[in-house]
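**Student:** Got a structure here, written out as structure tokens. Questions coming.
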Amino acid sequence: MEELELTPWLIRYAYEEGAFPMTMEDESVQWFQPRYRALFPIEGIHVSRSLAKEIRRGRFRVTFDTAFEEVMRGCLRPSGNWISEEFIRVYTLIHHQGWGHSCEVWMDDRLVGGVYGIAIGGCFCAESMFHRETNASKVALSAMVDQCRELGFVIFDAQIMNPHLASLGAYEVPHVEYMSRLQGAIAITTPWS
């Protein structure tokens, strides 16, 4: 089967159907629709005492949508990437169209953490996050969930559960429940979608 070209339209369509893309080792794009979806409570992530203390210290400065491509590039790993240059190109185009968003965490003028994702109606789909300083990605995630709640989102999607997400308060729902929630969320309009 011929691989479809990755476009903003195709990504939007896939997300509305509960699927998302990932680049494989051979650079092909595969689409995933997991049996269970990881979500964060829209009320906020689990903030440990140490993280709350870090946030109060004011060591980090948080911004939104000021360095989208840089955040994506920060999420690249030395190996085993599911983000490719093609992903960076298409998701940056989505950002320019107004429905791709990032949260940046800075120390002085240095980008030290962030998270990015896309907004479909009242559902925010977080794609990836990174840190170059301890707790910077958690600060970004916490700020992003809070921002989404304030903007009227009802779902904060983290896609696939892992122990790190679980420690921050993520929980899983079956695919059928996710799709039911998603259909309601798609009908919502937010300033970011």
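Each value in this text was obtained by applying a stated rule to the coordinates, not by laboratory testing. Keep in mind that this is a model prediction, so the values were computed, not measured. For neighbour counting, all protein chains shown are included, and Cβ atoms are generated from backbone atoms with ideal geometry for every residue, glycine included.
**Student:** Using a 10 Å cut-off on Cβ atoms, rank the peptides 173-179, 90-96, 152-158 from the highest mean neighbour count down.
**Tutor:** 152-158, 90-96, 173-179
**Student:** Moving to a separate point now. Show me, for region 38-52, the HN-Hα J-couplings you get by feeding each phi into the Karplus relation (A = 6.51, B = -1.76, C = 1.60, θ = phi - 60°), rounded to Hz, glycine and proline as x.
**Tutor:** Once rounded to whole Hz, the list reads 8, 10, 9, x, 5, 6, x, 7, 6, 9, 5, 4, 5, 5, 4.
**Student:** Taking loop as defined by DSSP and a crowding limit of 10 other beta carbons within 10 Å, which trypsin sites (Lys or Arg not before Pro) in region 1-85 fit?
**Tutor:** R35
**Student:** Three principal axis extents, largest first, for the C-alpha atoms of the chain, in Å?
**Tutor:** 52, 33, 31
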